[in-house]
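To keep things clear, I will list the structure first and then write my remarks on it.
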Amino acid sequence: MTASISRLYDDPQAASQAIRDLEAAGLPSKDISIVSSNADNWYSEDGSKLKHNKMDRGSKVDRDNDGVDDRTEAAGAGAGIGAAVGGTAGLLAGLGIMAIPGIGPVVAAGWLAATAAGALAGGAAGGIIGALTQAGVSKDEAEIYAEGIRRGGTLVCARVPDKDRSRYEGILEADAVNIRERADAYREAGWRGFDPNARPYDSDQVRTEREVYREGPRR
């Protein structure tokens, strides 16, 4: 038996690290999915580089502890997007761009993205909601995740063996959004549910949204 676990991240870098950690822990890439807002063009159209946004400035990613931002090293070397976000193989090597009604352009890969794309191709509105509910996510949580992506977030979903669920959940917890508190914040500001006909956020709105929650509560 398998279970589906999902987590939302404000920073695509944190999401990509979570994916790398899942793969390092033995979860096959085919069982992991990512859907990330690309409203601020953090992922280039041709997949050749990671584009920096204002939020990234002053926030160094230096996992090899050599004093140089890993993203700059990858881009400077002409590396592909997989290397730029922290992995040269696995799920991150297969990132691509698609558009979701109400969310706009997203960077996506994996089974969840394929399911959403299939729903959209078939004319089903809100394909991401249907994809999430098919994966076992409640409709209420699916709408929160979709709204989180719309506002600049990154969703990571994983299908895991029931017996290993706790272990993989622990990996995904790091830097993940507290979805209940985030939903409360949305509702306090007047949000009533995900609207596939809503106007997608632009880059300035996404940056503002990320700043609001940058130091906010985490799961």
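Computed from backbone phi with θ = phi - 60° and the Karplus coefficients 6.51, -1.76 and 1.60, the 3J(HN,Hα) list for the stretch 149-158 is 5, 3, 8, x, x, 10, 9, 10, 10, 9 Hz; x is used for glycine and proline.
In this simple spin-label model, placing a label point 7 Å from the Cα along the Cα-to-Cβ direction at both residue 140 and residue 205 gives a separation of 2.6 nm. Put simply, the amide H of residue 2, placed in the peptide plane, has neighbours under 5 Å in 162, leaving out anything fewer than 5 places away on its chain. Seen through its C-alpha gyration tensor, with square-root eigenvalues sorted a ≥ b ≥ c, the stretch 112-212 comes out oblate because a/c lies at 1.5 or above while a/b is not bigger than b/c.
Label point 7 Å out from residue 174 along Cα-to-Cβ: which residues of the stretch 1-39 have amide N under 16 Å? 7-27, by backbone N distance to the label point.
Among 189-198, 175-184, 155-164, how do they line up by average Cβ neighbours within 10 Å per residue, starting with the highest?
155-164, 175-184, 189-198
For residue 177, the residues whose modelled amide H falls within less than 5 Å of its own, excluding neighbours fewer than 5 places apart on the same chain, are 8, 9, 10, 219.
Every number in this text was worked out from the coordinates using simple rules, so none of it is lab data. Keep in mind it's a predicted model, so treat the numbers as computed, not measured. FYI the Cβ positions are ideal-geometry reconstructions off the backbone, even for glycines, and counts take in every protein chain you see.
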